[in-house]
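**Q** Structure below; questions to follow.
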Amino acid sequence: MIDRPASWLAEAAGARLARGDPAAPGPERAVVDSREAGPGDLFVGLRGEHADGGEFAGAALAAGAWGVLVGPEHAELDTDRPLLVADEPLSALQRLAREWRRQLGCKVLGITGSTGKTSTKDILAALLLRTLRTHANRENLNTEVGLPLSVLEAPAGAQALVLEMAMRGQGQIAELTAIAEPDVGVIVNVGPVHLELLGTVERVAAAKAELIRDLPPGAACVVPASEPLLEAHLREDLDTWTFGPGGQAMLLSFDEGRAEIEARGERHALELGYSEPHNLLNTLAAVAAARAIGMHPQGRVDVRFSSMRGQVVELPGGVAVVNDCYNANPMSMRAALEHLADSPAERRIAVLGTMAELGEGASRYHREIGLRAGELGIDLLVTVGDQALGYAEGFDGETHAVASPEEAGTLLEELALPGDRVLVKGSRSVGLERVLA
């Protein structure tokens, strides 16, 4: 709960309290979808390209919302509950989130990266939860809208916020950093993503490095060891932690879920419920971030990974499906295929949708992933959609092409045999979760 009165919320948001009791106790959270609004919620009516969310403020109030934050055109709304009016509702939402973060006075850890940032967020939150009251983004609440909503969900008394930061272009990480004001900034990696907008991997690195640039002096940053794309962006006035081979946080050994990690001379013995190499690397980043705020993680780590990020679904008939269809880029696709190749199975099947936003090099990246799948010994490849056909150009094994996720699901019913392991992966726009429907 935001344990501040309505008058404080209005002032913090840079808004005017046009209706309601200034002393009314604050809301539980903020929402931007009137269909989600209910008792205890502050509904924020955002302006979009095709609709003004403020038009749904009345419906939110009718559903029991605590109050609403809308533009001036809705200032005459008839209600006895808090009515906050701001020229730009989105800017007001972001300002309110920043002020609540300051009121909490807790440690804030911001995480970005080309791939693996959500899993790293989940791992870091699990590490901190052992000793601190920790709040983290739900699912994909990591944008200029989602991140402030995440901050406003943090309860009074929170001791740590773990905030994933997403971006598609320049300036977006800077915008999120200005809201979250992190004490620790983590960049998990840099790779070929969002190239349609940014053009080159160097520009991707610069956009991610806005997090480093905007940290206050004396803050900490966590970066991959020996990442040349980030070297020019590092600062001498930050406490810089490196992770991975050759870094300050390294994996010494891993056996049957037991990981021994060394970070700046201190040993950390962790019991993990996962074994994917990319998530072990993400764990090193999480340990470094935890150490940066004075934590010393040890023991069992119970991670609840966000949905559609590598969950294994056991289907009737003894077929295991790896549901990793939330997103895809060349880095994450390689990691997922390598883990599939290392997993015990009678046959290994990859159901792959397109990797979006790769720009002019998209065909080459898809062909290279198909080639890598062949090198790894993947037995069968199913491409979903026209843009995914490039995978088959590089793959020298058995291939099938389908037009939709539903067709892929039907084909799997025919092809998959007991003991097979199936990877389902593609960019979010493909909707590959429908393969399992």
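**Q** Quick one: length gained pulling Asp396 to Glu360 fully straight, 0.36 nm per residue minus the C-alpha distance?
**A** That works out to 10.5 nm of additional length.
**Q** How long is the gain from Glu260 to Asp33 if the chain were fully straight, where each residue apart is worth 0.36 nm and the alpha carbon distance is subtracted? Walk me through the intermediate numbers first.
**A** Values: separation 227, 0.36 × 227 = 81.72 nm, distance 4.43 nm.
The Glu260-Asp33 span can extend by a further 77.3 nm.
**Q** Order of 107-118, 225-236 by packing, highest average Cβ count within 10 Å first?
**A** Numbers: 107-118: 25.8, 225-236: 13.8.
In descending order of packing, they fall as 107-118, 225-236.
**Q** Another question, then. What is the local net charge at Glu55, summed over the other residues whose Cβ is closer than 15 Å to its Cβ (Lys, Arg +1; Asp, Glu -1)?
**A** Spelling it out: positives minus negatives among the neighbours equals -4.
**Q** Students often get this wrong: which residues of the stretch 83-107 have the backbone nitrogen under 20 Å from the point 7 angstrom along Cα-to-C-beta of Asp21?
**A** What the label zone holds, given the 20 Å backbone N cut-off, is 83-85.
**Q** Right, something else. In the stretch 308-367, how does Rg compare with the Kirkwood Rh, expressed as the Rg/Rh ratio over alpha carbon atoms?
**A** Details: Rg = 13.0 Å, Rh = 12.8 Å.
With Rh from the inverse mean 1/r over Cα pairs, Rg/Rh is 1.01.
**Q** Taking the mean number of other Cβ atoms within 10 Å as a proxy for protection, how do you rank 371-377, 323-329 from highest to lowest? Present the calculation step by step, with values, prior to reporting the outcome.
**A** Numbers: 371-377: 17.0, 323-329: 22.6.
Descending mean neighbour count gives 323-329, 371-377.
**Q** From Cα pairs below 8 angstrom and at least 6 apart in sequence, can you work out the relative contact order of the chain, rounded to a whole percent?
**A** Over the chain, the number comes to 11 percent.
**Q** Treat each spin label as a single point 7 Å out from the Cα along the C-beta direction, and report the Val201 to Ala59 distance in nm.
**A** 4.6 nm
**Q** A further question follows. So what's Rg/Rh here for the stretch 196-253, counting alpha carbon atoms and using the Kirkwood radius for Rh?
**A** Values: Rg = 12.7 Å, Rh = 12.4 Å.
My calculation of the ratio gives 1.02.
**Q** Continuing with this model, one more query. Treating the Cα atoms of the chain as identical point scatterers in vacuum, please give the log10 of the normalised Debye intensity I(q)/I(0) at q = 0.06 Å⁻¹, two decimals.
**A** Debye intensities relative to I(0), on a log10 scale: -0.28.
**Q** What number do you get for the stretch 105-301 when its Cα radius of gyration is normalised by 2.2 N^0.38 Å, N = residues?
**A** 0.95
**Q** Another one. Given the rule -39500 (n - 2.57) for each run of at least 4 DSSP H residues, summed and divided by the residues of the chain, what is its mean residue ellipticity at 222 nm, to the nearest 500 deg cm²/dmol? Don't skip to the end; give the middle numbers.
**A** Values: 15 runs with 139 residues, N = 437.
Value at 222 nm, helices only, nearest 500: -9000 deg cm²/dmol.
**Q** Considering the Cα positions of the stretch 395-437, please state its Rg to one decimal place and its Dmax as a whole number of Å.
**A** That works out to 10.9, 30 Å for Rg and Dmax.
**Q** How much length would be gained if the chain were fully extended between Ala437 and Asp237, taking 0.36 nm per residue of separation minus their Cα-Cα distance, in nm to one decimal?
**A** On the way: separation 200, 0.36 × 200 = 72.00 nm, distance 5.12 nm.
Fully extending the segment from Ala437 to Asp237 adds 66.9 nm.
**Q** Still on this model: Given all pairs of different Cα atoms, what value in angstroms does the Kirkwood hydrodynamic radius of the stretch 1-116 take? Intermediate values should be presented prior to the final figure.
**A** Working: mean 1/r = 0.0698 Å⁻¹.
Answer for the stretch 1-116: a Kirkwood hydrodynamic radius of 14.3 Å.
**Q** Can you figure out the FRET efficiency of Arg168 with Ala345, using R₀ = 35 Å and their beta-carbon distance, to the nearest 0.05?
**A** Details: r = 35 Å, r/R0 = 1.01.
Step by step, r from the Cβ atoms, then E = 0.50.
**Q** Roughly how many nanometres apart are two label points built 7 Å out from the Cα toward the Cβ at Leu371 and Asn140?
**A** Roughly 3.0 nm, to one decimal.
**Q** Beta carbons within 10 angstrom, averaged per residue: use that to sort the peptides 79-91, 309-321, 277-289, highest first.
**A** Values: 79-91: 19.4, 309-321: 14.4, 277-289: 25.8.
The packing order, highest mean first, is 277-289, 79-91, 309-321.
**Q** Continuing with this model, one more query. So how far apart, in nm, are the two label points at Asp52 and Asp379 if each is 7 Å from Cα heading toward Cβ?
**A** 6.0 nm
Quick note: the coordinates plus some simple rules give every number you see, no bench work behind them. Quantities reported herein were computed from a predicted structural model and do not represent experimental measurements. Here the Cβ is made from the backbone with ideal geometry for all residues, glycine too, and neighbour counts use every protein chain on show.
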